[in-house]
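To start, the structure itself, in structure tokens.
The values are calculated or read from the model by the stated rules, or taken from the named source; none is laboratory data. Just so it is clear, the model here is predicted, and its values are computed rather than measured. Heads up, the Cβs are rebuilt from the backbone with ideal geometry, glycines too, and the neighbour counts pull from every protein chain shown.
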Amino acid sequence: MRSMKKLVAAALCAALLSACAHQAPRNPMATWVASPNFDERRPVVIVLHYTEQESVEQSLHTLRTANSGGPVSSHYLVGDDGGIYQLVADAHRAWHAGGGRWGTITDLNSASIGIEIDNDGREPFTEPQVEALLRLLDDLATRLRIPRSQVIGHSDLAPSRKIDPGALFPWRRLAEAGFGIWPADDAPPAPADFDAMRALEQVGYDTSHGDATIRAFRLRFRGDAATVLDDEDLRILHALTLPGGAGLLQPAPR
């Protein structure tokens, strides 16, 4: 009986130690008075990248070690065969975005999920890869309650530094599935007094980068790297900023 009590006591002690090991750190300066009114920190943006490397194997190595700028990581990597790899837990802060801004968010690593896509920047994205990405986006948006419109590219938040996921990325395809934003085909032209720079800021862009911001916008919505806005760009920006999403392409019925 005595040995049984010892075993039970040891098991309870191990369980308590295990529970303590998984608790969030507590400030020793304060008296702990627990409240049940909290939840996990949640990301509010999903940032898409391309790897600009030659294989999943190479990218998995890089995302667990470093590139030329130092240690890097992302939450997920999507292979060109549709394989999905997770490298960092959703609740943790991966090192994928770097410096930049989207809307009022200036620390994107703390507020986002990063998804790397196996692509060298010169080739089309494969069908299995896009299908896998759509499944992953649906899972993340549903499970983490991330707004489906808040799917952006690395170039959107860091226009002076980045061009990924590049001009070949199928943003319209994503919008048809309900992710990100895209102008409706029948959206009207912009009015004569339309303020394009204000509209860019309304969408989320940091316009302090000048031509680089316009290039990032064109990469996403026109598929080129031009740095001058034309009438079609104004029509797109007007559509993206109409109240209530009136000018946006609506997702295809599921």
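Residue by residue, here is whether (1) aliphatic (A, V, I, L, M); (2) touching a Phe, Trp or Tyr at 6+ places or on another chain (Cβ under 6 Å); (3) modelled with pLDDT under 95 holds:
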| position | (1), (2), (3) |
| --- | --- |
| LEU108 | yes, no, no |
| SER112 | no, no, no |
| ASN119 | no, yes, no |
| PRO124 | no, no, no |
| GLU131 | no, no, no |
| LEU137 | yes, yes, no |
| ARG145 | no, no, no |
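The residues on offer are ARG161, ARG148, and the sole one that is assigned to a loop (DSSP other than H, G, I, E, B), within 29 Å of ALA89 (Cβ to Cβ), over 16 Å from the mean Cα position of the chain (by Cα) and basic (Lys, Arg) is ARG161.
Kindly evaluate ASP206 against the criterion of being surrounded by fewer than 16 Cβ atoms within 10 Å (Cβ to Cβ) and at pLDDT 95 or above. Full working, then the answer.
Numbers: surrounded by fewer than 16 Cβ atoms within 10 Å (Cβ to Cβ): no; at pLDDT 95 or above: yes.
Criteria not met by ASP206.
Residues that are polar (S, T, N, Q) and within 22 Å of ARG101 (Cβ to Cβ) within region 122-155 comprise SER149, GLN150, SER155, listed in sequence order.
Of the strands (runs of 3 or more DSSP E) that lie entirely inside region 56-133, those containing 3 or more residues that are among the hydrophobic types (A, V, I, L, M, F, W, C) span 112-117.
Yes/no matrix, rows are residues, columns are (1) in contact with a Leu (Cβ under 9 Å, 6 or more places away or on another chain); (2) more than 15 Å from VAL151 (Cα to Cα):
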residue	(1), (2)
PHE179	yes, no
ALA190	yes, yes
ASP211	no, yes
GLY223	yes, yes
LEU229	yes, yes
LEU240	yes, no
PRO243	no, yes
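Selection of region 45-92 for residues being farther than 22 Å from GLU131 by Cα and surrounded by 17 or more Cβ atoms within 10 Å (Cβ to Cβ) yields THR62, LEU63, VAL72, SER73. The residues on offer are ALA199, ALA167, and the sole one that is assigned to a helix (DSSP H, G or I), out of contact with any Pro (no Cβ under 7 Å at 6 or more places or on another chain), small (Gly, Ala, Ser) and modelled with pLDDT of 95 or more is ALA199.
Inspect region 175-182 for any residue being over 20 Å from ILE46 (Cα atoms) and not hydrophobic (A, V, I, L, M, F, W, C) and give the result as yes or no. No, region 175-182 contains no residue that is over 20 Å from ILE46 (Cα atoms) and not hydrophobic (A, V, I, L, M, F, W, C). The set of residues in region 119-149 that are crowded, with 19+ Cβ neighbours inside 10 Å and among the charged types (D, E, K, R) contains only ARG148.
Any idea which residue in region 68-98 is modelled with the highest pLDDT, counting only those that are hydroxyl-bearing (Ser, Thr, Tyr) and out of contact with any strand residue (DSSP E or B) (no Cβ under 6 Å at 6 or more places or on another chain)? Steps first, please.
First, pick out the residues of region 68-98 that are hydroxyl-bearing (Ser, Thr, Tyr): 68, 73-74, 76, 85.
Within this subset, residues satisfying the condition of being out of contact with any strand residue (DSSP E or B) (no Cβ under 6 Å at 6 or more places or on another chain) are 68, 73.
Values: SER68: 78, SER73: 96.
Among those that are hydroxyl-bearing (Ser, Thr, Tyr) and out of contact with any strand residue (DSSP E or B) (no Cβ under 6 Å at 6 or more places or on another chain), it is SER73.
Of everything in region 42-63 that's touching a residue at least 24 places away in the same chain (Cβ under 8 Å) and of a type in the set (D, E, K, R), which residue is nearest to ARG145 (Cα to Cα)? Please lay out each step first, then the result.
So the first thing to find is which residues in region 42-63 are touching a residue at least 24 places away in the same chain (Cβ under 8 Å), and the list is 42-56, 59-60, 63.
Applying the additional criterion that residues be of a type in the set (D, E, K, R) yields 42, 52, 54.
On the way: ARG42: 8, GLU52: 29, GLU54: 33 Å.
Among those that are touching a residue at least 24 places away in the same chain (Cβ under 8 Å) and of a type in the set (D, E, K, R), it is ARG42.
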